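Here the structure is laid out as structure tokens; the discussion comes afterwards.
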Amino acid sequence: MINYNTIMTQEELFKILVSHCKEYGFIFPSSEIYDGLGAVYDYGQLGSELKNNIKRYWWEAMTRLHENIVGIDSAIFMHPRIWEASGHVGAFNDPLIDNKDSKKRYRADVLIEDYIGKLEEKIEKDVEKGKKKFADAFNEEQFRATNPNVLRNQKKIDEVKKRMADALNANDLAELRQIIIDCEIACPISGTKNWTEVRQFNLMFSTQMGSVTEGANVIYLRPETAQGIFVNYLNVQKTGRMKIPFGIAQIGKAFRNEIVARQFIFRMREFEQMEMQFFIKPGTELDWFAKWKENRMAWHTALGMGDENYRFHDHDKLAHYANAATDIEFRFPFGFKELEGIHSRTDFDLGNHQKFSGKKIQYFDPELGENYVPYVVETSIGVDRMVLAVLSHSYKEEQLENGESRVVLSIPAPLAPVKVAVLPLIKKDGLPELAREIMDELKYDFNCQYDEKDSIGKRYRRQDAIGTPFCVTIDHDSLNDRCVTIRHRDSMQQERVKIEDLHGIIAKEVNLSNILKKLK
Ligand code: GAP
């Protein structure tokens, strides 16, 4: 079986994936009949099933596998002072730069990151060339440490990364611009290097609450779900009789007026986050930070999408609230990019809410016999980015031995939108009735799809294209022997099984508990 993915460029694959998502009802551009709305997307009938399965995997991994983590669902609208206390009003900015010729606006840091990405690509190309040239005798480590091209590019990368981190940390916008000039970065549209100054742009959306006559208040659409957890810390700790260390988890929408909104659902203006704030004793944060790094990486790799497709990226520039931070990056079709953030947020948020609200937000530690403002380690992952990770990893175009080809989404079975397709071989002779009987048996535990249209081959292809792990075919013999053919999506192997065994065979692969059990 040839896997076409190795032949297609990743960029081509990504374009095909975007149209596949639309064609099969996973993801649609928002407001499409009005020509869409920038960086806003709607989930279709299959996309929303996939998204719900991802959320369920996260929620259960957090709240069921940890007795000391509970979940909440706080409102999107919150008191505007919250965003002053959290630092978002003052510091939730992106550095913007415009190209004077194309009039296009960019994030200065993203332009520089793309430049670094290109240098990294050059290194990888040199390594590939080396591999081909020296074949079995190739020593990659030695090549990377000695090849003059690789060394030169790596030196540039290190220098530019350091300059950018220093500039961002010092909020030095002139230096950011200077890096763009020094690296001779050109606008991808006009091709010129005619840049404006860099200036800051706040990412929060605002709206008004109350009518104008009453005196309306400016309020913000939350740019992260985390603050809904912080302001409920006392409520949950007291009513849940929670003892430190403990966590509060939440899944919900967040909104950011992203300037460089691109790459499909990777960077959206309205998106969903799954965040968990873990409240701990001050001084223990770096231990907990390390534990949560390990825990979250295990959550990802348990899905079986290849350990080599994940890596940590420790931050050089820390957000205004953090004293340690890392990203879990995933190998998307456009390179390794952030999928999840893990941050040690100190007592920044609770401390500030205490200050701004005037309410005491503390924990009485019975072991120490003293009060303190808890420290926090946060894990924060975008649901939409997780959907993109799963879809982009799963999409495959395969050439089969019989000369045909197929498109298959090899979505991890517990996340697949439809678990089983029930297919009567023909739509007469009592086969549809038996198929319906089987559907009625399975539908309480598994999302099933009934399909009696077209040839069986076409029906298999349709199910492959949406990632259904099992197809069950009912034929004339089934009426007598109460056996059916079950086909496995990835191997395309078929086996004859008893109808009464179907439930167990399917459950063994698609139940979420299978992956949850892999987590410590
Ligand atoms: N509370 C911390 C926080 O919000 P973040 O790194 O800004 O941290 C966390 O966001 C995660 O949310 C990211 O790792 C990413 O998966 C997701 N995310 C952030 N901005 C996004 C956007 N514009 N579109 C889609 N997902 C986004």
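Here is how the numbers come out for the structure above:
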{"quantity": "The stretch 136-249 - convex hull of alpha carbons, volume per residue in Å³", "calculated": "305 Å³"}
{"quantity": "Unit charges on C-beta of K, R, D, E only; dipole of the stretch 164-322, Debye", "calculated": "640 debye"}
{"quantity": "By average C-beta atoms within 10 angstrom, highest first, the peptides 243-253, 434-444", "calculated": "243-253, 434-444"}
{"quantity": "Pair-distance profile P(r), taking every C-alpha pair of the stretch 297-445, with 5 angstrom steps and integer %", "calculated": "2, 7, 11, 11, 11, 10, 10, 9, 8, 6, 5, 4, 3, 2, 1, 0"}
{"quantity": "For the chain, with +1 on Lys and Arg beta carbons and -1 on Asp and Glu, the positive-most of SER491, VAL18, ALA254 along the dipole", "calculated": "ALA254"}
{"quantity": "Where labels lie 7 Å past Cα in the beta-carbon direction, separation of LEU400 and ARG241 in nm", "calculated": "6.0 nm"}
{"quantity": "The stretch 189-264: radius of gyration over Cα atoms, expressed as a fraction of 2.2 N^0.38 Å", "calculated": "1.73"}
{"quantity": "Percentage relative contact order, the stretch 1-107, counting C-alpha pairs under 8 Å, at least six apart", "calculated": "11 percent"}
{"quantity": "The stretch 253-346, accessible surface, carbon-and-sulfur percent (1.4 angstrom probe)", "calculated": "45 percent"}
{"quantity": "Per residue accessible area of the chain, 1.4 Å probe, in Å²", "calculated": "49 Å²"}
{"quantity": "Mean projection area, nm², convex hull over Cα of the stretch 368-520", "calculated": "13.3 nm²"}
{"quantity": "Unit charges at the beta carbon, dipole of the chain: most positive-side option, TYR363, CYS448, THR196", "calculated": "THR196"}
{"quantity": "Spin-label pair ALA507/ASN93, simplified geometry with 7 Å Cα→Cβ offset, distance in nm", "calculated": "5.8 nm"}
{"quantity": "Whole-percent carbon and sulfur share, accessible surface of the stretch 23-83, 1.4 Å", "calculated": "50 percent"}
{"quantity": "Whole-number D in µm² s⁻¹ for the chain, Kirkwood Cα-pair radius fed into Stokes-Einstein, 4 °C, 1.567 mPa s", "calculated": "50 µm²/s"}
{"quantity": "Degrees separating the helix 108-134 axis from the principal Cα axis of the chain, which is the longest one", "calculated": "50 degrees"}
{"quantity": "The chain - charge dipole about Cα centre, Lys and Arg +1 at Cβ, Asp and Glu -1, debye rounded to 20", "calculated": "540 debye"}
{"quantity": "Calculated [θ] (222 nm, deg cm²/dmol) that DSSP helices of n ≥ 4 give over the chain, each run adding -39,500 (n - 2.57)", "calculated": "-12000 deg cm²/dmol"}
{"quantity": "Computed magnitude of the charge dipole of the stretch 106-200 (debye, nearest 20; Cβ of K, R +1, Cβ of D, E -1)", "calculated": "280 debye"}
{"quantity": "Whole-angstrom Cα spans of the stretch 46-175 along principal axes, big to small", "calculated": "59, 45, 32"}
{"quantity": "Calculated over the stretch 407-471: convex hull of Cα atoms, volume per residue (Å³)", "calculated": "61 Å³"}
{"quantity": "Cα centroid separation, the stretch 438-477 to the stretch 337-369 (Å)", "calculated": "50 Å"}
{"quantity": "Debye intensity ratio I(q)/I(0), log10, the stretch 450-520, q values 0.15, 0.16 Å⁻¹ (C-alpha model)", "calculated": "-0.57, -0.64"}
{"quantity": "The stretch 343-401: radius of gyration and largest Cα-Cα distance (Dmax), Å", "calculated": "22.1, 71"}
{"quantity": "Isotropic mean projected area of the C-alpha convex hull, the stretch 385-441 (nm²)", "calculated": "5.9 nm²"}
{"quantity": "Percent of C-alpha pairs per 5 Å bin, the stretch 8-93, short to long", "calculated": "3, 11, 11, 12, 13, 16, 17, 11, 5, 1, 0"}
{"quantity": "Radius of gyration and maximum dimension Dmax of the stretch 277-347, Cα, Å", "calculated": "13.0, 40"}
{"quantity": "Top positive-direction residue, dipole computed over the stretch 246-307 with Cβ charges, set ALA290, GLY304, ILE265", "calculated": "ILE265"}
{"quantity": "Pairwise Lys count, the stretch 1-135 - Cα closer than 26 Å, eight or more residues apart or different chains", "calculated": "20"}
{"quantity": "Cα principal axis extents for the stretch 221-344, largest first, Å", "calculated": "45, 33, 29"}
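The values are calculated or read from the model by the stated rules, or taken from the named source; none is laboratory data. These numbers were taken from a predicted model, which means no experiment stands behind them. Reconstructed Cβ throughout: ideal geometry from the backbone, glycine too, with neighbour counts over all protein chains shown. Each accessible area value is taken on the protein alone, full model and side chains, heavy atoms only, with ligands, DNA and RNA left out. Shrake-Rupley method; radii C 1.70, N 1.55, O 1.52, S 1.80 Å.
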